[in-house]
Ligand SMILES: [Zn+2]
């Protein structure tokens, strides 16, 4: 028996009169699992903490944070950066007129920061993100064109190597590594829209074949598309996930027996590009489930009236 979880980063959205991306996307595999599975409405972001993967993913992995999570340390773990005893790491996001900075700007500001902070190491992460590491405190003042993520809590080591997390080299990988899981970064996994979903499916299949009983697959593409305020891109990402990743995952769970859980970590609205901390819809499908006639889907609307399952209080997703 295996437990496979697919985390759809930023997939859900606040409910309004217009259909959400989960409602608009054609996801026949997800629909067929939903018809035979159990839906729930879950809180993934602890009250008082910002809506983001750094708080929602640890919750989904079984450690709901009680304080803001340190994004720099998470990114350093994702990069497998070795920090000396007295060193720390800080994630820096570059901005331009309130938007994510473009490539030439990132290059320019990165060079400027490298000259400004000779005692610190600087590495580029994907897109508008940088990672600085070195002695504390970081001698960098607040600026309009950059945001330094504040220092915070480091995820607790509550998992063991028997939990396998398949993710790009980003927040999910860093959190999972800090929590003690085995992290697999498949070839071509970018955390963005161009990510190689088939290689993620293949990595999960291999982990199950090697005897892993708990496999978590994270996909960042829906969140990235929403940040780019690309509603069609978000729908396309969900549809690609359905056929290239969810179908083989369901096949794997069917072969081994067990459960397949599909859940966004948090919401991200493609009209605003902003996260939300509302409860998200969650589906648990069991391989032995019969195919009933119910016509439910994994959407925000389908779970709107369901009682809240508060995962931030460390309840179990599967009863
Ligand atoms: Zn995001």
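Any read-out appearing in this document is the output of simple, stated calculations on the displayed coordinates, not a laboratory observation. Treat the numbers as computed from the prediction; the structure is a model and nothing was measured. Here Cβ is always computed from backbone atoms with ideal geometry, including for glycine, and neighbour counts include all displayed protein chains.
Dividing the convex hull volume of the alpha carbon atoms of the chain by its residue count gives 128 Å³ per residue.
Rounded to the nearest 0.05, the FRET efficiency derived from the C-beta distance between residue 1 and residue 271 at R0 = 30 Å is 0.15. Compared with the dominant Cα axis of the chain, that is its longest principal axis, helix 247-256 is turned about 60°.
In this rough spin-label picture, where each label sits 7 Å from Cα along the Cβ direction, the residue 304-residue 47 distance is 2.3 nm. Here the spin labels are modelled as points 7 Å beyond Cα on the Cα-Cβ line, and at residue 288 and residue 32 they lie 2.2 nm apart.
Normalising the Debye intensity of segment 74-148 to I(0), with uniform scatterers on Cα atoms only, and taking log10 at q = 0.19, 0.28 Å⁻¹ returns -0.76, -1.45. The long axis of helix 231-241 is offset from the longest Cα principal axis of the chain by roughly 60 degrees.
FRET efficiency for the pair residue 210 and residue 80, taken as 1/(1 + (r/R0)^6) with r the Cβ-Cβ distance and R0 = 25 Å, rounds to 0.75. The ranking of 133, 32, 199 by Cβ neighbour count inside 10 Å, starting from the fewest, reads 32, 199, 133.
Note on segment 178-284: Kirkwood radius taken over Cα pairs, Stokes-Einstein applied at 4 °C and 1.567 mPa s, translational D equal to 88 µm² s⁻¹.
The simple Förster model, with R0 at 25 Å and r as the Cβ-Cβ distance, assigns residue 126 and residue 254 a FRET efficiency of 0.15. Between residue 157 and residue 67, the simple label model (points 7 Å from Cα in the Cβ direction) yields a spacing of 2.0 nm. Note on 88, 285, 147: ascending count of other Cβ atoms within 10 Å places them as 147, 88, 285, the fewest first. Helix 197-209 axis versus longest C-alpha principal axis of the chain: approximately 70°, rounded to the nearest ten.
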